[in-house]
Amino acid sequence: MLVADDNQTNLFILGHLLDSAGARVELVSEAEKVEDAALSALSKGDSFDLGVLDIQMPVMSGYEVARRFRQNEKLRDLPLLAFSSSTIDGTKKSKEAGFDGFLLKPIRREKLLDMMERLLGKKVEESSIKIGKTTHGLAEGRKQEISTQLTLNEGIKQSVRILLVEDNPVNQKLASKMLTKAGYQVEIANNGQEAVKMYKKSVNGHEGKEVRKEGLGKSETGRYSFIFMDMQMPVMDGLEATKLIRNLECGLWNDLNAEQSEIRNPKSEIIRVPIIAMTANTMEGDREKCLEAGMDDYIPKPIKREVVFDMVEKWVKS
Amino acid sequence: MDVKGLAENLGLEEDEYLELLELFLETTESNLGKLRTGIDTGDTQEVVASSHSIKGSSANLGLGKIFEVAKGVEEKARQNGLEGAAEAVKFIKEQCDQIAGAIRVI
């Protein structure tokens, strides 16, 4: 492994960390010498498997080094990981420069090793567009994707629980396939009534404090991160179910206030699950009806993968 | 039928899409049954419900012809009309048979 950082202390720590993980490491403290080091190793028949580059280096930035690698036929395919202390546009710039991964400093040992493993195994793992690989990957379609901290946080992804309310068995299966393939947990309600029941169950048994700690989108204790709700369903339709869920939440909200518990963020959506309507009705006014009933957003049917994933990302992040 | 293309559109593997198609054929069979009963008894609500279901799943699976026809039946039935519904049932049935024929030789 090739590690470049102008800060000797950082370089030493990183080198030591990788060394202890069993990697053979070459340390370079001057950016302008990185390419030579890589070429020289290559000519000795002992090429590097991975390059870890600090971004903020004098004389030549990590971006510049990466660009040079990508323009060099011999070094084009070497996986590169960007290591930066600045969040501003880091992922985007790193991606543009040709990095395969991006991490913010400081980083925990396990995270770093996870990322390295990921990059080293990258050629094997030819996954399709997934949430978590940053929005750039999504927006720009098939362009090469860059792994970030988000990608690593598979744990977060797996703890995203989605309640899918849909009566049509084909659509049920399709939507749940899409979502589970992307790594999310999906539970299915066959109509509005089932949805309300399931939602009630998910919030009961969780005391206010516990729920507050969880936060949205990181639920591990059974609360739904959000709900995809079909509109037209037998037994109980989407609008009615949404109204009932909102009423239920009002009740919870009042209970919390009554307890006089300290609520740090009164506007928090913690007891307001995002509900996203899935609707084929494109008639004027339908959208308003959804929002009036207390829904937060909607996607048109037939469902499209990109739209669904954009929506998931939007609401998981908020 | 371009199973590969249709599957790709949904980000699914071919065999996953085929699995959905099988499910579609199965549920549509039962929906067509309800549709026929609804037409025979003049129960437009039943017609709306079953054509709505066919419409929704065919749309998601990219089965345009079935979608269009089911949509037509649903819209009419919402206005209490059942003209053309029986022909539509026949058409959808034929389409399903074609799909069944196609996917079972793949």
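No lab work stands behind these numbers, since they all come straight from the coordinates. Keep in mind that what you see is a predicted model, and the values were worked out from it rather than measured. Cβ placement follows ideal geometry from the backbone for every residue including glycine, while neighbour counts extend to all protein chains displayed.
Scanning segment B:57-69 for any residue that is in contact (Cβ under 8 Å) with a residue 40 or more places away in the chain, small (Gly, Ala, Ser) and away from chain A (no Cβ under 14 Å) turns up nothing. Residues in segment B:1-25 that are in a loop (DSSP other than H, G, I, E, B) and either touching an Asp or Glu at 6+ places or on another chain (Cβ under 7 Å) or within 12 Å of chain A (Cβ to nearest Cβ) (or both): B:GLY11, B:LEU12, B:GLU13.
Within the bounds of segment B:26-35, is there any residue that is among the basic types (Lys, Arg), within 10 Å of another protein chain (Cβ to nearest Cβ), in a helix (DSSP H, G or I) and under 15 Å from the mean Cα position of the chain (by Cα)? Checking segment B:26-35: not a single residue is among the basic types (Lys, Arg), within 10 Å of another protein chain (Cβ to nearest Cβ), in a helix (DSSP H, G or I) and under 15 Å from the mean Cα position of the chain (by Cα).
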